[in-house]
1. Above 16 Å lies some portion of the pair distances; for the stretch 1-40, what is it as a whole percent of all C-alpha pairs?
2. Between residue 13 and residue 70, what length in nm is gained on full extension when 0.36 nm per residue of separation is reduced by their alpha carbon distance?
3. Give me the distance between the Cα centres of the stretch 34-86 and the stretch 124-159, rounded to whole Å.
4. Running a GNM on the chain with Cα contacts under 10 Å, which residue among 55, 13, 104 ends up with the highest mean-square fluctuation?
5. With each pseudo-label sitting 7 Å past Cα toward Cβ, what's the residue 111-residue 28 distance in nm, one decimal?
6. Could you tell me what a quarter of the Cα convex hull surface of the stretch 105-152 works out to, in nm² with one decimal place?
7. Once both labels are modelled 7 Å past Cα along the beta-carbon direction, what's the residue 39-residue 199 spacing in nm?
8. Kindly provide the trypsin sites (Lys or Arg not before Pro) of the stretch 136-227 that DSSP labels as loop, not H, G, I, E or B, and whose Cβ sees at most 11 other Cβ atoms within 10 Å.
Amino acid sequence: MLRKIIFPLILGVAGCGVLIGLGMWQMERLAWKQEILADIDARLLSGPEPFSLFVTEAIDEYSRVSVTGAPSGQELHVLVSGTQAGTGYRVISRFETDLGPILVDQGLLALGNKDAKPLIAPMEITGTLLWPDDQNSSTPDPDLDANIWFARNVERMSEALETLPFLIVATRTTPADPRLTPLPVNTASIKNDHLLYAVTWFSLAFVWAIMSLYLIFRTLRQRDVQD
């Protein structure tokens, strides 16, 4: 009788072991991601430092900075939806500073205000350093004639506006451009699905265990009937 159930028993134990292992791995990934998010939150809550050309993506992303200068009036419009301010265009401006021109994500422009004139005046920007690359294989190329982009990419946008490859996402602008609603950086937009993945793997392990027990039960039943 033991010989009859050894295969489904091994299959059940091995399958459950693999699925539980995957669930535990996702729990480890969850803890790792939570540490990253806690670090980002701490950076976002810190006081702003003056912007410097020595910042790097690896060390300074999500750091708070302040900078003074003025928008040139040259800007790129990135079509977005699902933001805290709704659907519209993220306005990425060429911002002139004493250190050179940089990129500033000034906030959301309503769809119906695309042709509204920007405020060109000396400004103080407080915001967050970011190196976003929202593109993937399905992202369309920008419509340059209509000035509609579909993802932020610091390298491409700095080339288009002839700026240094730095982007500050504005939290507060003084004075504020009346066209725009700021879209401050926060961790709510950073995906953290590891708990869901872990629950999925553990659920599959439970289902696998039930199916394995049922297979063993059926094998034993067939043995009893034959006897």
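Laboratory data are not the source of any read-out in this text; all were calculated from the coordinates shown. Small disclaimer: the values here were computed from a predicted structure and weren't measured. With ideal geometry, Cβ positions are generated from the backbone for all residues, glycine too; neighbour counts draw on all protein chains shown.
1. Value for the stretch 1-40 (Cα pairs over 16 Å): 56 percent.
2. 14.0 nm
3. 14
4. Residue with maximal mean-square fluctuation among 55, 13, 104: 13.
5. 4.6
6. 4.8
7. 2.8
8. 191
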